[in-house]
Each structure stands twice: as structure tokens, then as C-alpha cells.
Amino acid sequence: MYSPLDGFGTAEEYCERWHNHGDHLCLTDHGLMGGIPNLITTTEQFQKKKFKTIYGCELYVNSIHDEPTETEEARNQFIKDLSPQEMEEFKVSSHILAIAVTNQGYVNLTKLCSLGWSQGFYRRPRVNHKLLQQYKEGIIFTSCCCASEAARQLHLYGEEKAEECIVKYKTMFDKAFFLEMMLLDFERQKPYNQFLIKMHEKYKIPMILTNDVHYANKEDSHFQTLMLLVNSKKTLAEIEALKQNNVDVFELQDKNLWMKTEEELNEMYLQKYADVIPVEIFEEAKLNTVKIARLASNVKIDRSVKLPKIENDEEKLKELVLRGLKKRGISKTNTVYFNRVVEELDLIFRKQFASYFLIVKSFTDEARRVCKELTGLDGKYAVGSGRGSGVGSLVLYLLEVTDVDPIKHGLLFSRFLSENRGSQAVLKFST
């Protein structure tokens, strides 16, 4: 079962909750993809089951105006020229769910997220329809939740305006656009689902069923409510008053935002949605969701180290380390330094970081050279003695990248590179 996540809880909690119920795990945070690395790492290391990860994002969209994004000046002028009513519309940020189903789709999705922050930010990281069309290849889009453009138009202006939104997205994305139903207690969800079914029947747009997840377990709802009350600085009585005035307090109104199994979704359907959603549409929507999950799981991210590869880098690094021992006045028979060098080079080579160390050395060597050439001063002023966890590396000290002896000062290499795996000596000194 496919399950978008967009909120609280750790990837570990979601894996633990889901390992008996499905093969795919998807993360769709709001407006960013910063949780994806943790999702990948956690699913790879989760012992009970191997999950297929799906990469997505619930993008914020400024759906009223396609403001220019090429330059900050043009965008600022565009905003300045808006009428008061247009400005109110411009402030609205709607949601659209985007799932990468190809490698190019993943690249495009990260591009959209980046542009939302760097060029479209207005209270939130936003993209517009122009950018969505420019970077739509390899991405499946859905009508999304009750904070979507269509849902808001339905709530404020009725079905005619909401239908215009659906038609526009269908025109933009064609077969890569799906109508997304949810089974929630939120009061706007049932009318929205009924509207989506009408659009499905009228325009033959396929439907999916998603599990809106803001926390892993059912019992976590109480703690999320307390956190939201603290964040909003409101009491339960004030929230009730807002609800009476038809103010959207979605997360404080709906307690169904935990990670449900298919059995729990079926139970929710029978109890509260059987009169709204025909059973054949419900079952078809579930199947379509699984189809998208399987399609999206084919995305393969190239996670190899993106560094120039220096020929014979390991031999060159060992040679420089040996020179460094001599230049620093350290005897090869000093077992404390010898063992530390062996330990560090072992990990450096296993992580294929030898070229990286050589590249960093070239930076500091060039900085010293240029500094002395330009100022006549000692080149050390361009580099300094080192900073951060890097000064814990004896190899960097011997390369003269840093000027702090980590053995003398009791500094740990493990603060710089992880030593979680076993060690195997790869460096042999001649005595």
C-alpha cells in the first residue's frame, strides 16, 4: 500500500509501523525534500524489511498568477503592480502532490523545490503553473488535499470554478494527472470527494486513494494536538470558536492522520464513506495508487561520490603522507602515529575519499602560494591552522592542510569520518 507522509515522526517510526503492511514508503513533505536522505538511509538500514522508496513533494503553488521568476527585480515589480484584490489572491498558497516516476522526474522535482525557495518564495516556497509545465517530465501530479486549488475553489465559489481548475491541470499534465481521494473526518473532505468523483466520471481522469499521514501511530494524535496548540498559541476553546466561524483548522479538527493500514482504510470506508464513494471506484482508486507506487519505485538515484577522480590517488596520498611524517619530524617507528595513520587511511580508502583529500590539499597549497605572491607574507595567513572536525585528522596534518597535531591534542578522527565499520590496514611502511 502506498502512503504519502507529510509531517511529524521519524523515518524509523514509519518503517516500524509499515513493515508488516506494504513494500513501498513515500515521503511528501510540504515544499521541500530535505527528509529524503534520511528516508533512504533509514529504509536501507531497516532490518525487518527492505522497502522501495518513493520520492515526492507536496508543492506549494501560487495558482492565481504566474508571476515572473527570472529576476528578483521583475518579480518585485510584478507584486508591486497588483491591485489590492489581486494581492489577496496572490497571498494564497495551494497544494499539489508531485511524485517522481523516472530519474528525470526526480531531477525535475528537486529543481521545482529549489526554485520554490530561491525564486518563488512568498511566505512559503512556491512555484507557479509556468514552472510546473516547464519541469513536468517524469512527474505524476494529483489534485491533492483540501488545501489544493480545486478544493479551495469548491469551498469558496462552487463546482464551476473548481471544475475549471481540474480541467486546467488535466490540460497541463494529461495522463500524468490523477484525482486524489482521502478518507478523513475533516468536514470538507466528503464534499470534495463527491466533486472529484463527478470529475472522474465526466473527464475520465483516474482516481487514487491516499493516506494523509502526519504522524506514525494513532496514539500520536494527542501529542501533535498539544504541539499545534503551543505553536498557534491558542486554547481548545479558541480552536472551537474558530471552527464555528468556518475557519480552516484542519490538523486540529481531524484525528485520522496516522499511518493507516489497508485494513484500517477499508474499515474507515465502510463506516463513513460507503455512502459517498461507490465501492468499485474505491477499489479502483486503491489499485491505481499501487500502480503509481510500483512505477515510482523504479527511480534510481545516483549516490556515488561526485568528485574528480585523480589517477593512482591512493598511492599518491600514501606517498604524501610519508613525506609529511618526515617533514613533521615524526619517526616511522612511532607506533602511536603509525597506527593512527593506518587507521585513517584505511577508512579514507574504503570510502574512496583519497581524491578528495588530494583536492583539498591542492586548495590549501594554492592559497598559500597566491597569498605569498600577492602580499609577500607567509602563506599560512591564507589558510590558518584548521577548523572544525577536520583538525582531528592526522592525515590532514601530515598533508599540511591543517597545522594542529591531533595526537598531541587528543583529537578524534572519528569526529571527522565515521569509524563504524571494521578496519583493515592498507598502508605498509618500510622500516
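The values are calculated or read from the model by the stated rules, or taken from the named source; none is laboratory data. In this text, all values refer to a predicted model and were calculated from it rather than measured experimentally. We place every Cβ from the backbone using ideal geometry, glycine too, and count neighbours over all the protein chains shown.
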Evaluate the following for Ile139: is it surrounded by 15 or more Cβ atoms within 10 Å (Cβ to Cβ) and free of Cβ contacts under 8 Å to residues at least 60 places away in the same chain?
yes
Considering region 380-404, residues that are touching a Ser or Thr at 6+ places or on another chain (Cβ under 9 Å) and among the β-branched types (Val, Ile, Thr), and then whichever is surrounded by the most Cβ atoms within 10 Å (Cβ to Cβ), we arrive at Thr402
Q | Check on Val127, within 20 Å of the chain's Cα centre (by Cα) and buried (at least 22 other Cβ atoms within 10 Å of the Cβ) | A | yes
Cβ pairs under 9 Å, 6+ apart or interchain, first in region 286-305 and closer than 25 Å to Asp212 by Cβ and surrounded by 14 or more Cβ atoms within 10 Å (Cβ to Cβ), second basic (Lys, Arg) and at pLDDT below 95, ordered by first then second residue, are Ala293/Lys52; Arg294/Lys52; Ala296/Lys52; Ser297/Lys52
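Check every one of the helices (runs of 4 or more DSSP H) wholly within region 279-376 and list those with 2 or more residues that are out of contact with any helix residue (DSSP H, G or I) (no Cβ under 9 Å at 6 or more places or on another chain) and in the same structural domain as Leu39 (by TED's automatic domain parsing).
Ranges flagged: 279-296.
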For region 151-164, state whether one or more residues are at pLDDT 90 or above, within 25 Å of Val299 (Cβ to Cβ) and touching a helix residue (DSSP H, G or I) at 6+ places or on another chain (Cβ under 8 Å). no
Subset of region 91-106, residues surrounded by 17 or more Cβ atoms within 10 Å (Cβ to Cβ) and part of a helix (DSSP H, G or I), comes to Gly105, Tyr106
The lone condition Trp117 fails out of (1) at pLDDT 90 or above; (2) under 20 Å from Ala151 (Cα atoms); (3) in a helix (DSSP H, G or I) is (2)
*In this structure, does His30 turn out to be closer than 26 Å to Asn211 by Cβ, modelled with pLDDT under 95 and surrounded by fewer than 16 Cβ atoms within 10 Å (Cβ to Cβ)?*
yes
_Going by what's in this entry, would Leu196 be described as crowded, with 17+ Cβ neighbours inside 10 Å, at negative phi, in a loop (DSSP other than H, G, I, E, B) and modelled with pLDDT of 85 or more?_
no
If you go through Leu358, Leu377, the only one that is among the hydrophobic types (A, V, I, L, M, F, W, C), exposed (fewer than 15 other Cβ atoms within 10 Å of the Cβ) and without any contact (Cβ under 8 Å) to a residue 60 or more places away in the chain is Leu377
The condition from (1) outside any strand (DSSP E or B); (2) hydrophobic (A, V, I, L, M, F, W, C); (3) in contact (Cβ under 8 Å) with a residue 12 or more places away in the chain that Cys57 misses is numbered (1)
Checked Leu82, Leu183 against criteria (at pLDDT below 95, within 21 Å of Thr289 (Cβ to Cβ) and in a loop (DSSP other than H, G, I, E, B)); the one match is Leu183
Notebook entry, point to check: Any chance region 350-359 includes a residue that's at pLDDT 90 or above and over 32 Å from the mean Cα position of the chain (by Cα)?
Noted result: no
